[in-house]
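Peer 1: For reference, the structure I am asking about is given below.
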Amino acid sequence: MKKLFCFFVWAISTSLYAQKFEGLALTPPMGWNSWNKFACNVNEQLIRETADAMVSSGMKSAGYRYIIIDDCWHGKRDSLGFIQPDPERFPSGMKALADYIHTRGLKFGIYSDAGWFTCGGRPGSRGHEYQDALKYAEWGVDYLKYDWCNTESLNAEGAYWTMRDALYTAGRPIVFSLCEWGNNKPWEWGDKIGHLWRTTGDITSCFDCIVDHGTWFSWGVLQILDKQEGLRIYAGPDHWNDPDMMEVGNGMAVNEDRAHFSMWCMLAAPLIAGNDLSNMSGETMQILTNKEAIDVNQDTLGIQGFKYSAQEGLEIWFKPLSGGAWALCFLNRDTVDKKIEFNWKEHLVSDTFSNRQLDFKARTYAVRDLWVKKDSGTTRKPFRAKVPTHDVKLLKLSPNNK
Ligand code: GLA
């Protein structure tokens with residue numbers, strides 16, 4: 001009887017307490033965010049045009065859903081402390097914009113910051129968390145990216161916890177994206193709080209470089225990739241490592257964009273495009289909408305890929321997929337082209353994290369090239385290919401039952 005009573009007390013109290021909205025990101029979120037291309041130059045016309053372009057370009061059909069306004073949409077707080085959008089940039093208001101986005105079958109995301117001010121100097125949510133969450137719910141927001149500028153004396157886990165509770169209390173299911181740059185190891189505590197957490201500082205549109213901004217750095221694709229080492233054990237359905245939004249279409253060479261996109265697929269990273277969707281080249285569009293690569297990213301097992309080997313600038317990555325399949329990516333980091341000859345039978349790939357093994361002596365796999373979009377034999381014969389500089393060969397291996 002006493003046990004039963006305790007159970008009821010426990011059940012009632014846990015249902016009353018706030019928590020994360022479960023199940024909103026069972027596969028890595030896909031969408032678009034304004035920051036990488038437009039920085040502070042956001043307004044409602046841009047957001048509407050982007051929503052239209054997401055549909056007409058085929059990105060919506062490829063799985064992209066969230067249209068996220070990053071920093072600088074904010075106006076002043078009203079006399080009661082409720083946040084309002086900038087009246088010149090968003091004259092129709094956020095509810096009307098959310099409706100516009102929802103009517104197109106898309107979802108609406110917004111940005112705030114745990115500190116006094118956002119990184120762009122707009123009002124932050126500190127001290128207004130519950131008010132802001134109420135506004136977001138009223139407007140129809142589906143996704144919140146929550147930044148970490150101007151947070152002096154705040155404890156990261158506590159601050160994100162507060163916003164999580166505020167969102168839950170406001171009652172509208174909202175994906176919660178922690179943007180804390182990896183400073184306080186959010187992978188160790190983020191899964192109870194949000195659906196994804198940034199693992200690094202900001203990305204920049206460069207394949208292999210570091211940009212020094214004086215008080216902070218931004219990082220190229222390879223530098224960000226290297227910072228993911230050791231983090232895969234923390235990711236899975238509804239709680240993802242976020243190596244930052246994509247720079248595909250923002251000025252890198254096509255092969256670099258392809259390599260960047262492929263690696264984000266291998267990492268089970270959120271696929272948040274950061275380019276101008278209304279003015280995309282055919283090549284950018286083909287990269288962003290490659291359904292077979294996206295399927296690697298969106299695989300329902302949600303297992304982040306891992307680096308199997310690295311030799312003379314050539315890395316080999318594997319990612320376990322559902323149905324006994326695997327993705328395999330040869331990444332050429334070098335500035336010269338590489339010839340590969342991969343003799344499957346010489347390799348035994350063991351993943352202790354997912355408890356999966358690829359034993360090419362015991363089993364044959366059909367090989368498919370996910371960029372050429374063609375079948376490429378089986379693992380009975382060695383795989384030969386050329387991987388140009390800063391490019392990839394992205395393959396899917398499916399158990400061959402023939
Ligand atoms: C930080 C974030 C970026 C972006 C800007 C906005 O640098 O890491 O992704 O949101 O702030 O000011």
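Peer 1: Read through the list (1) of a type outside the set (A, V, I, L, M, F, W, C); (2) in a helix (DSSP H, G or I); (3) surrounded by fewer than 18 Cβ atoms within 10 Å (Cβ to Cβ); (4) within 16 Å of the ligand (Cβ to nearest atom), then give the number of the only condition that residue 169 fails.
Peer 2: Result: residue 169 fails condition (4) only.
Peer 1: Next question, about the same structure. Does residue 224 meet the test of being touching an Asp or Glu at 6+ places or on another chain (Cβ under 9 Å), farther than 27 Å from residue 23 by Cβ and crowded, with 23+ Cβ neighbours inside 10 Å?
Peer 2: Values: touching an Asp or Glu at 6+ places or on another chain (Cβ under 9 Å): yes; farther than 27 Å from residue 23 by Cβ: yes; crowded, with 23+ Cβ neighbours inside 10 Å: yes.
Answer is yes for this residue.
Peer 1: Answer yes if at least one residue in the range 256-266 is of a type in the set (S, T, N, Q), within 16 Å of the ligand (Cβ to nearest atom) and touching a residue at least 12 places away in the same chain (Cβ under 8 Å), and no otherwise.
Peer 2: In the first step, residues of the range 256-266 are kept if they are of a type in the set (S, T, N, Q); the result is 262.
The next check asks that each one be within 16 Å of the ligand (Cβ to nearest atom); those that pass are none.
Checked the range 256-266: no residue is of a type in the set (S, T, N, Q), within 16 Å of the ligand (Cβ to nearest atom) and touching a residue at least 12 places away in the same chain (Cβ under 8 Å).
Peer 1: Across the range 346-364, which residue is farthest from the chain's Cα centre (by Cα) among those that are charged (D, E, K, R) and either buried (at least 16 other Cβ atoms within 10 Å of the Cβ) or part of a strand (DSSP E or B) (or both)? Give the derivation first.
Peer 2: First pass over the range 346-364, keeping only residues charged (D, E, K, R): 346, 351, 356, 359, 361, 363.
In the following step, the residues that additionally are either buried (at least 16 other Cβ atoms within 10 Å of the Cβ) or part of a strand (DSSP E or B) (or both) were identified as 351, 356, 359.
Working: 351: 23, 356: 25, 359: 31 Å.
So, considering only residues that are charged (D, E, K, R) and either buried (at least 16 other Cβ atoms within 10 Å of the Cβ) or part of a strand (DSSP E or B) (or both), the one farthest from the chain's Cα centre (by Cα) is 359.
Peer 1: Still on this structure, please answer the following. Out of curiosity, is residue 25 surrounded by 21 or more Cβ atoms within 10 Å (Cβ to Cβ), away from the ligand (no atom under 16 Å from the Cβ) and assigned to a helix (DSSP H, G or I)?
Peer 2: Numbers: surrounded by 21 or more Cβ atoms within 10 Å (Cβ to Cβ): yes; away from the ligand (no atom under 16 Å from the Cβ): yes; assigned to a helix (DSSP H, G or I): no.
Judged against the criteria, residue 25 is not a match.
Peer 1: Could you tell me whether any residue of the range 145-166 is of a type outside the set (Val, Ile, Thr), within 15 Å of the ligand (Cβ to nearest atom) and under 22 Å from residue 50 (Cα atoms)? Show your work before the answer.
Peer 2: Taking the range 145-166 as the starting set, the residues that turn out to be of a type outside the set (Val, Ile, Thr) are 145-150, 152-161, 163-166.
Those still in the list that are within 15 Å of the ligand (Cβ to nearest atom) too: 145-150, 156, 160.
Still in the running and under 22 Å from residue 50 (Cα atoms): 145-146.
The answer is yes; a qualifying residue exists.
Peer 1: Can I ask one more? I'd like to check which strands (runs of 3 or more DSSP E) are fully inside the range 59-112 and have at least 2 residues that are within 15 Å of the ligand (Cβ to nearest atom). Spell out how you get there, then give the answer.
Peer 2: Numbers: elements: 66-68, 74-77, 83-85.
Here the list reads 66-68.
Peer 1: For the range 180-221, which positions are outside any loop (DSSP other than H, G, I, E, B), surrounded by fewer than 18 Cβ atoms within 10 Å (Cβ to Cβ) and of a type in the set (Phe, Trp, Tyr)? I'd like the intermediate steps shown before the answer.
Peer 2: So in the range 180-221, the residues outside any loop (DSSP other than H, G, I, E, B) come out as 186-188, 190-192, 196-198, 203, 210-212, 217-219, 221.
Checking which are surrounded by fewer than 18 Cβ atoms within 10 Å (Cβ to Cβ) leaves us with 188, 192, 210-212, 217.
217 - this is the single residue of the range 180-221 that is outside any loop (DSSP other than H, G, I, E, B), surrounded by fewer than 18 Cβ atoms within 10 Å (Cβ to Cβ) and of a type in the set (Phe, Trp, Tyr).
Peer 1: Take the residues of the range 114-141 that are closer than 18 Å to residue 38 by Cβ and not hydrophobic (A, V, I, L, M, F, W, C): which is surrounded by the fewest Cβ atoms within 10 Å (Cβ to Cβ)?
Peer 2: Here is the first cut: in the range 114-141, the ones closer than 18 Å to residue 38 by Cβ are 118-122.
Checking which are not hydrophobic (A, V, I, L, M, F, W, C) leaves us with 118, 120-122.
Values: 118: 23, 120: 17, 121: 13, 122: 19.
My answer is 121.
Peer 1: Output the qualifying pairs, or none if there are none: Cβ atoms under 8 angstrom, residues six or more apart or on different chains, first residue in the range 35-49 and closer than 12 Å to residue 278 by Cα, second residue modelled with pLDDT under 95 and not in a helix (DSSP H, G or I).
Peer 2: Once the first residue is closer than 12 Å to residue 278 by Cα and sits in the range 35-49, no partner that is modelled with pLDDT under 95 and not in a helix (DSSP H, G or I) comes close enough.
Peer 1: I want to confirm something. Restricting to the range 129-144 and keeping residues that are aliphatic (A, V, I, L, M) and in contact with a Phe, Trp or Tyr (Cβ under 9 Å, 6 or more places away or on another chain), which single residue is nearest to the ligand (Cβ to nearest atom)? Quick ask: steps written out before the conclusion?
Peer 2: Of all residues in the range 129-144, those aliphatic (A, V, I, L, M) come to 133-134, 137, 141, 144.
Still in the running and in contact with a Phe, Trp or Tyr (Cβ under 9 Å, 6 or more places away or on another chain): 133-134, 141, 144.
Values: 133: 19, 134: 23, 141: 16, 144: 12 Å.
The qualifying residue nearest to the ligand (Cβ to nearest atom) is 144.
Peer 1: Residues being within 16 Å of the ligand (Cβ to nearest atom) and in contact with a helix residue (DSSP H, G or I) (Cβ under 7 Å, 6 or more places away or on another chain): count how many of those fall in the range 187-198.
Peer 2: Going through the range 187-198, the residues within 16 Å of the ligand (Cβ to nearest atom) turn out to be 190, 194, 196-198.
Now narrow it down to the ones that are in contact with a helix residue (DSSP H, G or I) (Cβ under 7 Å, 6 or more places away or on another chain): 194, 197.
Residues meeting the conditions: 2.
Peer 1: Keeping to the range 166-218, report how many residues are in contact with a strand residue (DSSP E or B) (Cβ under 9 Å, 6 or more places away or on another chain), farther than 27 Å from residue 331 by Cα and small (Gly, Ala, Ser).
Peer 2: Result for the range 166-218: 3.
The values are calculated or read from the model by the stated rules, or taken from the named source; none is laboratory data. Owing to the predicted nature of the structure, the values given are computational and were not obtained by experimental measurement. All Cβ positions, glycine included, derive from the backbone under ideal geometry; neighbour counts span all protein chains shown.
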